[in-house]
Amino acid sequence: MIGKHFILSASAVALTLAGCADAPSEPATAESESPQDEFWEALSSHCGNAYAGSLVSDDEADADFADADMVMHVRECSDNRIAIPFHVKTGDEWDRSRTWLITRSDTGLRLKHDHRHKDGERDAVTMYGGDTAQEGTARAQDFPIDAESIALFQQEGLTASVTNVWSVEVDPVEARDGIFAYQLRRTVAGGAPEPRFFRVEFDVTNAVDAPPSAWGHE
């Protein structure tokens, strides 16, 4: 009886295993997007739109920006590059010299500042910025200064800027109370001789008319 029971049990196990082998496998779970992919999608959702904003920080160095009209324009978008001109009106004149360039790199995302003169010529201090060192979040990415920019600032005597960290925050186009923010920060703890904080915010729930092209990008 014991032998017969063992044989039946073994047969049952074999049938069970055979059934498992014949059962269809579960579909593989798709790999979730990274925070940087989600950030890129959120920023890209604004492509073609322009938004008004203002200075929200209060460093004395930015007194000329305190009451200035500001418009950012998500003007160019591709799979690997987003160009965002930043227009500032001080007095009666619009300064269209600045364009923020965010691109994909081999290790993450990169922010560069394209500065031009009114005739389109590049400024002596241009194409500086940094690369992401961490994943960040779907809403915010930090860009610590890169070695190329440190060398440029040192060459131009801008040694206070060699510890810069830039940040960009963005909510997707459908978000309630959404903003786009650009920020520069340096701290004494990070090696700066004195702290520096610059931040502008834009209301991305209310698009405005697109401005003219930034200088040098006509």
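Structure summary
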quantity: Size of charge dipole - segment 35-208 - debye, nearest 20, with Cβ of Lys, Arg +1 and Asp, Glu -1, no other charges; calculated: 300 debye
quantity: Exposure proxy ranking, count of Cβ atoms within 10 Å, fewest first, for Glu194, Glu76, Glu201; calculated: Glu194, Glu76, Glu201
quantity: Sequence of Leu152, Leu158, Leu109 once ranked by neighbouring C-beta atoms within 10 Å, starting from the fewest; calculated: Leu158, Leu152, Leu109
quantity: Modelled FRET efficiency - R0 35 Å, Ala160 with Asp106, Cβ distances, 0.05 increments; calculated: 0.70
quantity: Neighbourhood charge, 13 Å Cβ-Cβ cut-off, centred on Ala50 and excluding it, Lys, Arg +1 and Asp, Glu -1; calculated: -2
quantity: At 1.002 mPa s and 20 °C, Stokes diffusion of the chain via Kirkwood alpha-carbon radius, µm² per second; calculated: 106 µm²/s
quantity: Relative exposure of Lys89, Lys112, judged by other C-beta atoms within 10 Å (fewest first); calculated: Lys89, Lys112
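Just so you know, all these numbers are worked out from the coordinates, no wet-lab data involved. If you're wondering where the values come from, they're calculated on a predicted model, not measured in any experiment. A quick note on method: Cβ atoms are made from the backbone with ideal geometry, for glycine too, and the neighbour counts reach across all protein chains shown.
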